[in-house]
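Take a look at the structure below.
The values are calculated or read from the model by the stated rules, or taken from the named source; none is laboratory data. If you're wondering where the values come from, they're calculated on a predicted model, not measured in any experiment. Here Cβ is always computed from backbone atoms with ideal geometry, including for glycine, and neighbour counts include all displayed protein chains. The area values use the complete protein model at the heavy-atom level, side chains included, leaving out ligands, DNA and RNA. Shrake-Rupley method; radii C 1.70, N 1.55, O 1.52, S 1.80 Å.
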Amino acid sequence: MTKKIIFFCTSHKRVDYLNNFSHLKLISCSGKDIGGNWISLHNKDNINHKFLSYADLTAHYLIWKNEIKNLLNEKMLISFSQYRRHWVNNNFTNKNYSFEDLENLILKESEKKWDDYESILTTPFIFKKKFIEKLKNLNFFESEVNIKKQMFQSLGNGAESIYEKILSELPNDLAIKFDTHISHTNILSAHGMYISTPKILDNFFSISFDWYEKCESIIDPVSNLTLVNKPRFFQYLNERFSDFWFKNFTDFTTNPICMCHFEKNKLSLIGKKY
């Protein structure tokens, strides 16, 4: 018998194609009433005013404080997904599908094979060096780039200074482990999607939100913006920290997810198995 599971799905805007998926609990991460079947929870314990930098994490905070905290003694699983990214079952292959196929592909219950694990992460993808970078360094043999270097490249000028400051806000032993992890792997389970027990998620959110809050007043030396005013910064950081934390402090496995391409009316598989 599979474990009971609650599927939370977050969005910053109203999309109605999920209305018929009764197993999904649709949560607005903007704090606004976006209508349809989306629940705003704006009158509950929240950080909705930080949406600019936290994005979907505002919904994760809502779920943690107002749902998970009431389920700590339950032997069950909690799942997080997004309005255009969904966990899929074993029926999904590498071929492309249309929206009409989502009903048969979206995950609706926990998997028996998860019984030996404490958390489920998205099937990861591998960071590869771009051709222009290989050309610039005249190195065509080294094709992969670690998470830390990719993070610096993505955040641009000032990234190393910001990284040193945010790292200093973590407990020293955890900071060393996090830095070691992202410096030695190029495999990332991304998108802030994870499945785990209420107790484990409570532990993770307690640590991560405490850290993010301590980092909010750090100033980006290039834009002069505090990080709490830097668009999507903490959602971006959470992708990397959650990958590290669940892989280092829980017994984990992975499960595929799909991406919804609205403009093309198709679904595609995200990540590669490893």
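Points to keep in mind about this one:
- Count - residues of the stretch 1-48 that are touching a Ser or Thr at 6+ places or on another chain (Cβ under 6 Å) and over 22 Å from TYR194 (Cα atoms): 2
- Looking only at the stretch 226-237, and only at residues there that are within 19 Å of SER189 (Cα to Cα) and of a type outside the set (S, T, N, Q), the one that is most open to solvent (accessible area, probe 1.4 Å): ARG232
- The residue that is least open to solvent (accessible area, probe 1.4 Å), among those in the stretch 167-179 that are in contact (Cβ under 8 Å) with a residue 24 or more places away in the chain and either touching a Ser or Thr at 6+ places or on another chain (Cβ under 8 Å) or not in a helix (DSSP H, G or I) (or both), is LEU170.
Yes or no, residue by residue, for (1) modelled with pLDDT under 95; (2) outside any loop (DSSP other than H, G, I, E, B); (3) under 20 Å from the mean Cα position of the chain (by Cα); (4) more than 29 Å from GLU118 (Cα to Cα):
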{"position": "PHE8", "(1), (2), (3), (4)": "no, yes, yes, no"}
{"position": "LYS13", "(1), (2), (3), (4)": "yes, no, yes, yes"}
{"position": "ASN19", "(1), (2), (3), (4)": "yes, no, no, yes"}
{"position": "GLY31", "(1), (2), (3), (4)": "yes, no, yes, yes"}
{"position": "GLY36", "(1), (2), (3), (4)": "yes, no, no, yes"}
{"position": "HIS42", "(1), (2), (3), (4)": "yes, no, no, yes"}
{"position": "ASP45", "(1), (2), (3), (4)": "yes, no, no, no"}
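- Residue in the stretch 211-225 that is open to solvent by less than 40 Å² (accessible area, probe 1.4 Å), farther than 23 Å from GLY156 by Cα and over 16 Å from the mean Cα position of the chain (by Cα) present: no
- The residues in the stretch 67-84 that are within 26 Å of PRO231 (Cα to Cα) and open to solvent by 40 Å² or more (accessible area, probe 1.4 Å) can be counted, and the count is 1.
- Candidate set: the stretch 53-100, residues that are over 21 Å from THR254 (Cβ atoms) and among the hydroxyl-bearing types (Ser, Thr, Tyr); chosen: the one modelled with the lowest pLDDT: SER98
- Among residues of the stretch 94-114, those that are over 11 Å from CYS258 (Cβ atoms), open to solvent by less than 70 Å² (accessible area, probe 1.4 Å) and either over 22 Å from the mean Cα position of the chain (by Cα) or aliphatic (A, V, I, L, M) (or both), counted: 1
- Options GLU213, GLU239, GLU164: the member that is out of contact with any helix residue (DSSP H, G or I) (no Cβ under 6 Å at 6 or more places or on another chain), within 30 Å of GLU100 (Cα to Cα) and part of a helix (DSSP H, G or I): GLU239
- Single residue of the stretch 25-48 satisfying the filter (open to solvent by less than 20 Å² (accessible area, probe 1.4 Å) and of a type in the set (A, V, I, L, M, F, W, C)) that is farthest from ASN89 (Cα to Cα): ILE47
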